[in-house]
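**Q** Sharing a structure with you now.
The values are calculated or read from the model by the stated rules, or taken from the named source; none is laboratory data. Given the structure is predicted, the values throughout are model-derived calculations rather than measurements. No Cβ is skipped: glycine too gets one built from the backbone with ideal geometry, and neighbour counts run over all protein chains shown. The accessibility values were calculated without ligands, DNA or RNA, using every heavy atom of the protein model including side chains. Shrake-Rupley method; radii C 1.70, N 1.55, O 1.52, S 1.80 Å.
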Amino acid sequence: MRCFGMLLDGRAQETGVKRRGSDATLLLVYNAHFDVVNFTLPMVPDGTSWMGLIDTNQAEAQLPAFSFGENYPVAGRSFGLAAGDSMTRRLRYGMGSILDATETPL
């Protein structure tokens, strides 16, 4: 396997309490192949699109929204992270803080 995608469903329950989870749904895509792989973005319940958060091939770029079923070209030897559209604004704010902290020398 040269390209791997993993969906983390934010609707999953954190505890045994029978209620719906309310966390963000995330999609992680890893491409270990040396060439581009077109990864088909999955559909998820209660969503309309994916919002790109991180693409190691486009570190400085502001990533757009992607429709379900759209092919996303994952560059060779790269990693991508996208979020379902329901909690994207809060995630982008948090990711920006994390990225800013990692760029600051200790």
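**Q** When ligands, DNA and RNA are left out and all protein chains stay put, how many square angstrom of accessible area per residue does the range 24-77 have with a 1.4 Å probe?
**A** 57 Å²
**Q** Could you order peptides 60-70, 3-13 by the average number of other Cβ atoms within 10 Å of their residues, highest first?
**A** Those peptides, ordered most packed to least, come out 3-13, 60-70.
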